[in-house]
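Rule-based calculations on the coordinates, nothing more; no lab input. Note that the structure is a prediction, hence the values are computed from the model and not measured. Cβ sites come from the backbone with ideal geometry, for glycine too, and all protein chains shown count toward neighbours.
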Amino acid sequence: MTDRSSDALYSPAAVARFFTVAFVGLALDLWTKHLAFLKLTPDDNGYAFIPNWVHFQITTNHGAVFGIGQGQRWLFLAVSAAAVIFLFYLFLSSKPKQWFYQIVLGMLLAGVLGNVYDRINFGYVRDMIHVFPGWPNPLRGLFPDWQYVFPWIFNVADSLLCVGVTLMMGYTLFGARTAKIEPHTADARAQRA
């Protein structure tokens, strides 16, 4: 009989972490998009949530991050499908005690699914969060086409993806390395005792 106690899929806590974070993140993304597109119009200047810092202003994005690849809907859906499969693979290959890693994977899954939902149902991604609106670019002499510090408008799914990727890089560089070192340290202590 195979011992599956080291498989995340057979750990109720690991499964709950991964799917709860994915569900909550996806629900938050879809709710905020729905609310923004219900209350705001593309013609107005949006809503100043924190004036001059965070505004809600709706727009649609037919491309990927930062508007790259406009009109490549099917390519983005194919890449997203591959990303979902890869995230499930990473979850299945994780260990039950890698709780931080499973939370990050859930964030990434929520981000991918939130934008996939939009691409399937609308043909574009709904965006509405605008940070630093109207802040002039201090490097405009170097970048004459770049008028503002942060000209992009994004959504909760994009935030989950960006934060998730950053946390994943940090985990890969520092967290995974620590996990590999700890067993050897424990073995060394046991041998000294």
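For Cα extents along the principal axes in Å, the value computed from the atomic coordinates appears in the list (1) 81, 34, 31; (2) 49, 41, 31; (3) 69, 39, 30 under label (3).
Dipole orientation for region 8-192: of the candidates 167, 149, 41, 167 has the Cα lying most toward the positive pole (charges on Cβ; Lys, Arg +1; Asp, Glu -1).
For region 109-170, trypsin sites (Lys or Arg not before Pro) are listed when DSSP marks them as loop and at most 13 other Cβ atoms sit within 10 Å of their Cβ; the list is 140.
Taking label positions 7 Å along the Cα-Cβ direction at both residue 99 and residue 9, the computed distance is 2.4 nm, reported to one decimal. Among complete DSSP H helices in the chain, those whose alpha-carbon atoms stretch at least 24 Å along the helix's long axis and whose mean Kyte-Doolittle hydropathy reaches -0.5 are 12-39, 73-92, 99-122.
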